[in-house]
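**Q** First, the structure itself, so that you have it in front of you.
Bear in mind these aren't lab numbers, they're just calculated from the coordinates by the rules spelled out. Keep in mind it's a predicted model, so treat the numbers as computed, not measured. When we count neighbours, we look across all protein chains shown, and the Cβ atoms used for this are built from the backbone with ideal geometry, even at glycine.
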Amino acid sequence: MKKAVSIILLIISFFIIYYIQSNLFTWFTIAGIQPNLFVLLTLFIGLFAGKKLGLILGIIFGFFLDVVIGRQIGISGIMLGIVGLIGEYLDKNFSKESRVTIMLMMAGCTVIYELGCYVFNLITLEINLEIISFIKILLIEVIYNLILVIILYPLIQRMGHALEEIFKTKNILTRYF
C-alpha cells in the first residue's frame, strides 16, 4: 500500500514540476536556457527507489513530455529511462550522503540526457551540427541544474530516505518456534 501511495505521489510531483518548469522557469532563465527538472526527478527516483521504478517512470514521464511538448515521440522517454537506470548504478557505487557526489551525478546525467537528445535529433531531423552553441547551452543547463541541486539538497535527502525506506528495505518476518 505504501508503495502505491509513493508512486502516486511521485506522479503528482512530476505534474507539479511540469507546472513549475513550464510557468516559473520561463521567467527565470540564464541566457534563455531553463533547467531540466525532469532529469533531477528521474535521477532522484533511480537513486532512492530503484532502477525498475526509475526506468518505468522515466519512460512514462518522457513519453508524456514528448506528447505535450510536441517533439518526436520516444526520445525523452528513452533518455529519462536511461537516467533512471544510471541512478540505480550510481546508488550501488557511490554514496548519496555527500552534496558534491549528488551534484556530480546530476551534472553527468544532464550531460548524458542532453547529448542523447541532441544526437538523436541530429540523426532524425537532419539538422546542422553546431558544437559550440550546443556546448554553451549544455554548460549553462548543467550549471543551472547544479544550482538547483544545491538549493534543494536537504529536501532531496529527506524525501530520498523516505523513498528508500519504502522501496529498498526488506521486511522479512521470521518465525521462531
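**Q** Criterion first (free of Cβ contacts under 8 Å to residues at least 40 places away in the same chain and within 24 Å of Ile150 (Cα to Cα)) does Ile112 satisfy it? Please lay out each step first, then the result.
**A** Numbers: free of Cβ contacts under 8 Å to residues at least 40 places away in the same chain: yes; within 24 Å of Ile150 (Cα to Cα): yes.
Spelling it out, Ile112 is indeed free of Cβ contacts under 8 Å to residues at least 40 places away in the same chain and within 24 Å of Ile150 (Cα to Cα).
**Q** Condition (residue is of a type in the set (A, V, I, L, M), farther than 19 Å from Glu164 by Cα, touching an Asp or Glu at 6+ places or on another chain (Cβ under 6 Å) and surrounded by 15 or more Cβ atoms within 10 Å (Cβ to Cβ)) applied to region 60-72: is it met by at least one residue?
**A** So far as region 60-72 goes, no, none of its residues is of a type in the set (A, V, I, L, M), farther than 19 Å from Glu164 by Cα, touching an Asp or Glu at 6+ places or on another chain (Cβ under 6 Å) and surrounded by 15 or more Cβ atoms within 10 Å (Cβ to Cβ).
**Q** A further question follows. For region 148-160, which residues satisfy the criterion of being closer than 12 Å to Leu104 by Cα and touching a residue at least 60 places away in the same chain (Cβ under 8 Å)?
**A** Just the residues of region 148-160 that are closer than 12 Å to Leu104 by Cα, to begin with: 149-150.
Selection gives Val149 alone.
**Q** Considering only residues that are in contact (Cβ under 8 Å) with a residue 60 or more places away in the chain and outside any strand (DSSP E or B), which ones fall in region 11-41?
**A** Within region 11-41, Ala31, Gln34, Pro35, Asn36, Leu37, Val39, Leu40 qualify.
**Q** Report the residue count in region 29-56 for those that are buried (at least 22 other Cβ atoms within 10 Å of the Cβ) and among the polar types (S, T, N, Q).
**A** Matching residues across region 29-56 total 2.
**Q** Could you check, for region 96-105, whether at least one of its residues is buried (at least 21 other Cβ atoms within 10 Å of the Cβ) and under 21 Å from Ile7 (Cβ atoms)?
**A** No, every residue in region 96-105 fails to be buried (at least 21 other Cβ atoms within 10 Å of the Cβ) and under 21 Å from Ile7 (Cβ atoms).
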